[in-house]
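Comments concern the structure below.
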Amino acid sequence: AQFLSSHLVGAVTLPTGSKRLLDLGGSHGDYARALVRRYPGLQAMVLDLPGVAIAAEKISRQLGDTPPVEFKAGNLLADDLGTGWDVALMISVLHVFNTDQARQIFKKVAAALAPGGVFVVLDHMRGVSRGRDSVVAMMGLNWLTLGGRSYTLDEVTEMMAAAGFSKVTVRKLSSRVGATVVMGIR
């Protein structure tokens, strides 16, 4: 996560004045914490399954992590995401969900973001380059057994547009990372 965090921070520019960040399925909070460090005044909350959120918060407190990140137990599909968020992250989580679930989450995120808010999706996607496609296809077999799937870059950008995001942009991260960032503005 620390390796990926530096690439994420370099690829993502948040809107000026961003104050609230929601990290969906953010587990340890490292991605949220990296952005909070880069953007003074930004506060972050990580929403993840109950066991994960409780363990991550405990570890964070024990380590005395700064800046602090809030952890909340929840379910992306079932729980309300709140409103007024300036930024929402979905890092290496999209592949866990099937297409209908992913579309539902994208719509929920659009409703939860403030006007001008940014949705950042980072995952391994097909259709970015031939070299990456073969790796993602192999990973996709594992994801399929869990009920998820690998998505193409076109599918992710289409889901962003269908959920109401505009100005969808794509940034390929280093080939060492192999992931792609898709960002949309509400």
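Number of residues in segment 157-174 that are open to solvent by less than 50 Å² (accessible area, probe 1.4 Å) and closer than 15 Å to GLY10 by Cβ: the value is 2.
For segment 54-90, a tally of residues being among the β-branched types (Val, Ile, Thr), more than 15 Å from HIS28 (Cβ to Cβ) and open to solvent by less than 50 Å² (accessible area, probe 1.4 Å) returns 1.
With the condition kept exactly as written, say whether any residue in segment 154-164 is at pLDDT 95 or above and either basic (Lys, Arg) or in a loop (DSSP other than H, G, I, E, B) (or both). Checked against the condition, which is being at pLDDT 95 or above and either basic (Lys, Arg) or in a loop (DSSP other than H, G, I, E, B) (or both), segment 154-164 yields at least one hit. Looking only at segment 29-63, residues that are outside any strand (DSSP E or B) and under 21 Å from THR83 (Cβ atoms) come to 7 in all. Step by step: first the residues of segment 1-31, then only those that are within 22 Å of HIS95 (Cβ to Cβ) and small (Gly, Ala, Ser), then the one that is surrounded by the most Cβ atoms within 10 Å (Cβ to Cβ). Which residue is that? Per the stated criteria, the residue is GLY26. Of the residues contained in segment 32-53, none is found to be touching a residue at least 60 places away in the same chain (Cβ under 8 Å) and open to solvent by less than 70 Å² (accessible area, probe 1.4 Å). Annotation note: of ALA32, ALA44, ALA88, the sole residue that is touching a Leu at 6+ places or on another chain (Cβ under 7 Å), small (Gly, Ala, Ser) and closer than 23 Å to TYR151 by Cα is ALA88. Looking across segment 65-90, the residues that are touching a residue at least 12 places away in the same chain (Cβ under 8 Å) and among the hydrophobic types (A, V, I, L, M, F, W, C) come down to VAL69, PHE71, ALA73, LEU76, LEU77, LEU81, TRP85, VAL87, ALA88, LEU89, MET90.
Cβ-Cβ contacts under 7 Å between residues 6 or more apart (or on different chains), taken from a first residue in segment 91-106 that is open to solvent by 60 Å² or more (accessible area, probe 1.4 Å) to a second residue that is part of a helix (DSSP H, G or I), are listed as ARG103/MET159; ARG103/ALA162.
The values are calculated or read from the model by the stated rules, or taken from the named source; none is laboratory data. This is a predicted model, so every value here is computed, not measured. Note that we place each Cβ from the backbone using ideal geometry, even for glycine, and neighbour counts take in every protein chain shown. Please note that ligands, DNA and RNA were not included when accessible areas were found on the heavy atoms of the full protein model with its side chains. Shrake-Rupley method; radii C 1.70, N 1.55, O 1.52, S 1.80 Å.
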